[in-house]
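To start, the structure itself, in structure tokens.
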Amino acid sequence: MSGRIAICVIVLGASALLAGCAKVSVPIPTDPRSPEATRGRTVVAVAKQYVGAPYRWGGSSPEGFDCSGLVRYVYAQVGVSLPHNAAQQYRLGTPVAREDLEPGDLVFFDHLRHNGIYVGDGRFIHARQTGRRVAIARLDEAWYASHFVGGRRLDRPVSAGDPEDR
């Protein structure tokens, strides 16, 4: 009897060890009460506070934002540290197809030279260019539709200082 127990312990231990090494794909929760969905709604609420803020190249504060500075600032308000660069932000999180975007996801355009925060209903918040202000635009507007690169979901804690994220 003790031999069987020892074999079971060895098999279970080996299984646990192998399972720890396996890459497991976890489905993205669709429950609106999930932490990810709640964070997405919070991100959108924070971002909407800055609609009308001025654009400023290199800006990352309410005194003036560029696109990645706005994304960085908004996400910092919910405890997520991001780099101040759209291309570097694109390397974080999980890719999301345009039709699967959820509020709080990041959207990228123009060879990763522009980005914003998806708010739902085909719209996103962004800081576009000098002379303009932070605004809400539609993904189906001609320029954005033709320059769309992709979406990303920040589904895990991210830190700009984490070497894995660079």
For the structure I just gave you, tell me whether Val134 is closer than 21 Å to Arg41 by Cβ, β-branched (Val, Ile, Thr) and in contact (Cβ under 8 Å) with a residue 40 or more places away in the chain. yes
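A quick yes/no check of all residues on (1) under 10 Å from the mean Cα position of the chain (by Cα); (2) of a type in the set (Lys, Arg); (3) part of a strand (DSSP E or B):
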residue: Val80; (1), (2), (3): yes, no, no
residue: Gly104; (1), (2), (3): yes, no, no
residue: His111; (1), (2), (3): no, no, no
residue: Arg128; (1), (2), (3): no, yes, no
Per the filter on the range 82-95, residues polar (S, T, N, Q) and either surrounded by 23 or more Cβ atoms within 10 Å (Cβ to Cβ) or not in a strand (DSSP E or B) (or both) are Asn85, Gln88, Gln89
Taking the conditions exactly as written (surrounded by 15 or more Cβ atoms within 10 Å (Cβ to Cβ) and farther than 22 Å from Arg39 by Cα), does Asp105 satisfy them or not? no
Counted residues in the range 123-146 being surrounded by 14 or more Cβ atoms within 10 Å (Cβ to Cβ) and at pLDDT 95 or above come to 12
Pairs with Cβ under 6 Å, 6+ apart, first in the range 84-109 and within 20 Å of Trp143 (Cα to Cα) and acidic (Asp, Glu), second at pLDDT 95 or above and in a strand (DSSP E or B): Asp105/Val96; Asp105/Tyr118; Asp105/Gly151; Asp105/Arg153
When the residues of the range 21-61 are narrowed to those that are charged (D, E, K, R) and at pLDDT 65 or above, which ends up surrounded by the most Cβ atoms within 10 Å (Cβ to Cβ)? Arg39
Is there any pair linking a residue in the range 40-69 that is acidic (Asp, Glu) and outside any strand (DSSP E or B) to one that is modelled with pLDDT of 95 or more and surrounded by 15 or more Cβ atoms within 10 Å (Cβ to Cβ), with Cβ under 7 Å and at least six apart or on different chains, and which? Asp66/Tyr55; Asp66/Arg56; Asp66/Gly59; Asp66/Ala127
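The values are calculated or read from the model by the stated rules, or taken from the named source; none is laboratory data. As the structure is a prediction and not an experimental result, all values here were calculated from the model. We place every Cβ from the backbone using ideal geometry, glycine too, and count neighbours over all the protein chains shown.
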